[in-house]
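Since the structure comes first, as structure tokens, the remarks are kept for the end.
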């Protein structure tokens, strides 16, 4: 880790450590901790997606489906069968991984729009299953009665406890993903992103790596889904539809695809924008979202984090250095 | 290293500035004179359920204006804080948490939809803030031991089915066929239709399901005819309920009466069916048929007052959904008037409210019943000359 990044990471950890206390000081911000819990859950999804999109160069519109598989896996196993929540989380993750592998092998042979279409189709199928398998998922009226989660013999309750639990997962996923990116695999992924044929010629196992990253992103999404299920304690198919898949992609693009920091910043900002700051636009929210995506694609294609990084480097008259994957 | 920490500081600074601004520029709360009484509201004003949430929001705003124009509640102005959940259960969760923590309201009305209401019910329970949902699912208030703080003002499907079966019994119908859409609404209706049939001595000979986006219901209706049913019940919302009427008419099955759910209760559906809807029967809340009620009906006065005020202000007809907002807000106001802005006292007041005359019926709450309505709060209505008419018993 470069010292710059180390500073940023320490800063982030300190920020997260004090956030619940600081936000509780003022009544106007006391609910920000709730927004941050959701932002953390979504960050788990987008960190995986960022690896897939920004580094392996594969677009997926199925992340909400994997998010949902994790959520319903936990919901059904703990609600109907009274499993331990952690065992249920593991089971949900395994199912998501298996499904991602089965879907990924043929789908990742496709490129560009076709891959997006295939993952979109898969997402729609999962959404239909959630709606129609009433006996298992509760169908459109939703699945309730999901128990809370226990850690070291204590029930996680209260917003601060949830905040720390969720963000501990996020930091772990962040560090692990960063580690992957700076390994042999990460370099191979970037080679695939730049030129698949060239990468293959250099001996990179392109298709198996792509499938592995896809599975990894599904695993993170499923963990996020499981946390969502236990936190909200109620699931309905509307929380896992195509619109959410698009939102996840947008979060990654907004922050910057080529950077894990981008996924974090994009997710937190857009979660706040969607729940706090865009409320005034109401019906036009979707237009504003579209506008943000358009402006970003046209003027800031590298994403907010990379753009700001470059901006501040220029300001401090430093020679720009080639961006490394983790910055 | 410096550059990085500087921009990190920049991002953090910006975020803090934004959140500060969001807090400071929030609508000024303190008013001169007496402290306002707050009521929080969460409606699906936009998104897929906006056709429900929009009239709810308009109704609630209109009532708040009326109350404040008359000097408020015991001299305290009513401050209504409305959030839009965009028909999304996750956003509903956040909105309710915000109402509890940041706005610190003593009572919440809404959310609009059943799934959102089920998602927020545990939050209200934990925070011990009374919540009056505008959605229908009976699970919102049951089991009552886990829903001490949650109430709902929309009737349950069992009331609608009960009313329908009462009418069938009066007409000597015992063999029916049901067709339901595979949505939350349809699934819940189907469950109650099947569950209550034996109680009324009714046999369900055909049980057909279809997708909410199906474009042809001929097959389902033909099966009903083959099963020799004496009446057909269709339970759906949206285009399929009009489709069912048209197919029923086209197949010349009008000798078998067609019953619809209360979801059919909008004049637009009669228009869309274009004459084919003559004779369709459905149980409907009285708020939809105010002018048809006899003057002796105890609800007539409040329904007519609401209907006239709403139609004058917004130039559109009243709907069931606006009626839910009316009932929930007026209940909250009655509680505030009686016991002041204390969540626990409001809860107790609501639970013991009896004979509250609202748009959807006369509410009689009890510790066992947090809905307070019964099948007798519905009217059996028939489509006659392109309009509603009370069905002859």
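Tabulated results
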| quantity | calculated |
| --- | --- |
| Global geometry of the range B:272-312, whether rounded, prolate or oblate, following the gyration tensor of its Cα atoms and the 1.5 cut on a/c | oblate |
| FRET E, pair residue A:315, residue A:7, Förster distance 22 Å, beta-carbon r, rounded to 0.05 | 0.80 |
| Fluctuation leader among B:182, B:114, B:261 - chain B, Gaussian network, Cα springs under 10 angstrom | B:182 |
| Label-point separation, residue B:352 to residue A:14 (7 Å along Cα→Cβ), nm | 5.6 |
| Partner chain coverage, peptide A:134-140 - average Cβ within 10 angstrom | 4 |
| Antiparallel %, DSSP beta bridges [both residues in chain B], to 5 | 30 |
| Shape category assigned to the range A:3-315 from the gyration tensor of Cα positions, a/c cut at 1.5 | rounded |
| Cα→Cβ-extended label distance, 7 Å offset, between residue A:129 and residue B:127, nm | 3.5 |
| The range B:93-156: C-alpha gyration tensor shape, a/c 1.5 cut-off, then a/b vs b/c | prolate |
| Hypothetical label at residue B:267: residues of the range B:349-376 whose amide nitrogen lies under 19 Å (7 Å Cα-Cβ projection) | none |
| Nearest 10 degrees, 0 to 90: helix B:239-250 Cα axis against chain B principal axis | 10 |
| Residue A:22-residue B:51 pseudo-label distance in nm [points 7 Å out on the Cα-to-Cβ vector] | 4.6 |
| Protection proxy ranking of A:36-48, A:133-145 - average other beta-carbon atoms within 10 Å, highest first | A:36-48, A:133-145 |
| With Cα atoms, 0 to 90° folded angle of helix B:89-101 axis to chain B main axis | 40 |
| GNM top mover of A:152, A:297, A:201 - chain A, alpha-carbon springs below 10 Å | A:152 |
| Relative contact order (%) - criterion: Cα under 8 Å, at least six apart; region: the range A:3-315 | 32 |
| Two-site FRET efficiency, residue B:334 against residue A:287, from Cβ-Cβ distance with R₀ of 35 Å, rounded to 0.05 | 0.30 |
| Cβ-Cβ FRET estimate between residue B:252 and residue B:195, R0 fixed at 30 Å, reported to 0.05 | 0.40 |
| The range B:35-69-the range B:231-308 distance, computed between alpha-carbon centres (Å) | 26 |
| Max mean-square fluctuation residue, GNM over chain B, Cα-Cα springs under 10 Å, options B:343, B:111, B:143 | B:143 |
| Peptide-level mean, for B:84-94, of C-beta atoms on other protein chains within 10 Å | 6 |
| Within 10 Å of each Cβ in A:226-237, the average number of Cβ atoms from other chains | 4 |
| Beta bridges by DSSP in the protein assembly as shown, antiparallel share as percent, to the nearest 5 | 35 |
| Tilt relative to chain B, helix B:2-24 - C-alpha long axis, 0 to 90 degrees, to 10 | 70 |
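Any read-out appearing in this document is the output of simple, stated calculations on the displayed coordinates, not a laboratory observation. Because the structure is predicted, anything quoted here is derived from the model rather than measured. We place every Cβ from the backbone using ideal geometry, glycine too, and count neighbours over all the protein chains shown.
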